[in-house]
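Following: one structure in structure tokens, then a few remarks.
The values are calculated or read from the model by the stated rules, or taken from the named source; none is laboratory data. What you are looking at is a predicted structure, and each value in this text was computed from that prediction instead of being measured. Neighbour counts run over all protein chains shown; Cβ positions are idealised from the backbone, glycine included.
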Amino acid sequence: MQWSLCLLILMGQCCFFTCRLYEYHFIAENKSWYEAQRYCREKNTDLAKVFDMTDMTDMSRLRNSTQNQGEAWIGLNNNTGGNRMWHWSLPGVEYIQNGSSWNLNGRTDNEKPGNCGRKRDKLADASCDYPMWFVCYDEMKKDNKTLYLITTPMNWTQAQSYCRYHHIDLASGLDQVDGGELMMMKKKRDPSSAWVGLFRDSWRWSDGSNFSFRYWDMQLFNDTQSNKTCAMTLLNRSGKWSSDECGKEKPFFCYDDKVILVKENKTWEEALYYCRDKYLDLVSITNLEDQQWVQEKAKNSSTPFVWLGLRYTCTLGFWFWVTDEVVEYKNWDSDGTTDGYDMSAAMESGEKHKWFNKLDNNLFNFFCYKN
């Protein structure tokens, strides 16, 4: 590596765990949903979108700082004409259609079609209100397993709440629901049907992203109310969500996006200079939330890979983020090892958005972090 590049990396902006890829703002002005959307797009990035419960906690802190205990708009709306899309319940797991995993004609006589997914030998849609067994996922392996079959019948929403409280979430993604662990479990217990973390709805985020997290207050929310097509967070009910008529005026949450996808083809070193000259630095990804946030943008790249701020040092034999973040979270296509010189990491713009070792002289788009 050239000494000039070494010095440039060492002199980079250090985040020291303060670099957030996005931040929320609570706006204590009463506006309709569309007025709030216009305000956020003019002054920030857009109305708030939510990835998982961590985001809800951040929004709750903002709410507490203003002592506002009413209702506030978020960036979710149901103006799609009823066009429903499938999602996995577990944040960060993207739904990809796979017809071989489905059998829509395989329902039993007492199963009605619906908007939630259940597993027998194949997947099928079923009415979310029907009580059945369900499968939870937990990332902490106990007795060498991550999936847990719960034999107390519940409807889909109750099953999701149970899994999120006792484990992580309902089993999500074809790797889990079509994998060997679930097949072995079924052989031992053989449930006729079991809920998994698959649901479909017609709600969309204002900025067009595909985040699947939902936090509806099922005591107040009714998805069939066609006149209530804009979502709000209920500040006096632990931040859970319901919907209302979009013309009503409420305070609202905006978000600021700190990540820029630069659609210029540059080497890794050129990208590093560019980000530090015009913004702050190349982007670091330190957790699943960051990965999901960045991979949404990667889909719009004009190159098959997008540079990250992750560099390999042959001298010391390890990877490091140029922002001085600790490399803990990893999303490698392989194990990330390399024997090559002048190697950096790039995220694939499609498929599963894995990270790959790439020679620095490749020409890719890249992600910059901004203040």
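Before moving on, here are some points about what is shown:
- Filtering segment 262-307 to residues that are of a type outside the set (Ser, Thr, Tyr), crowded, with 21+ Cβ neighbours inside 10 Å and touching a helix residue (DSSP H, G or I) at 6+ places or on another chain (Cβ under 8 Å) leaves Leu272, Asp281, Leu282, Val283, Ile285, Val306, Trp307.
- Some residue of segment 289-296 being of a type in the set (A, V, I, L, M, F, W, C) and in a loop (DSSP other than H, G, I, E, B): no
- Output for segment 251-261, where each listed residue is surrounded by fewer than 23 Cβ atoms within 10 Å (Cβ to Cβ) and either out of contact with any His (no Cβ under 8 Å at 6 or more places or on another chain) or farther than 30 Å from Met232 by Cα (or both): Pro251, Asp257, Lys258, Val259, Ile260, Leu261
- Note on segment 190-288: no enclosed strands (runs of 3 or more DSSP E) hold 3 or more residues that are within 30 Å of Glu328 (Cβ to Cβ), outside the structural domain of Gly114 (by TED's automatic domain parsing) and of a type in the set (Asp, Glu).
- Of all residues in segment 88-100 being exposed (fewer than 14 other Cβ atoms within 10 Å of the Cβ) and in contact (Cβ under 8 Å) with a residue 40 or more places away in the chain, the one that is farthest from Asp52 (Cα to Cα): Asn98
- Residues within segment 2-45 that are crowded, with 16+ Cβ neighbours inside 10 Å, modelled with pLDDT under 50 and out of contact with any helix residue (DSSP H, G or I) (no Cβ under 8 Å at 6 or more places or on another chain), tallied: 1
- Matching entry among Lys278, Lys266, Lys299, Lys250 (being touching a residue at least 24 places away in the same chain (Cβ under 8 Å) and under 25 Å from the mean Cα position of the chain (by Cα)): Lys299
- When segment 286-303 is limited to residues that are out of contact with any Asp or Glu (no Cβ under 8 Å at 6 or more places or on another chain) and either among the acidic types (Asp, Glu) or over 25 Å from Asp58 (Cα atoms) (or both), the one that is modelled with the lowest pLDDT turns out to be Glu296.
- Among the conditions (1) in contact with a helix residue (DSSP H, G or I) (Cβ under 8 Å, 6 or more places away or on another chain); (2) under 16 Å from Leu21 (Cα atoms), Asn331 misses just one, which is (2).
- Boolean, Thr315 is free of Cβ contacts under 8 Å to residues at least 60 places away in the same chain, more than 15 Å from Asn210 (Cα to Cα), part of a loop (DSSP other than H, G, I, E, B) and assigned by TED's automatic domain parsing to the domain that holds Asn362: yes
- Criterion (over 30 Å from Ser32 (Cβ atoms) and assigned to a loop (DSSP other than H, G, I, E, B)) met by exactly one of Asn110, Asn83: Asn110
- Condition broken by Met85, with the remaining ones in (1) surrounded by 18 or more Cβ atoms within 10 Å (Cβ to Cβ); (2) in contact with a Lys or Arg (Cβ under 9 Å, 6 or more places away or on another chain) satisfied: (1)
- Any hit, segment 329-340, residues being basic (Lys, Arg) and within 22 Å of Asn357 (Cα to Cα): yes
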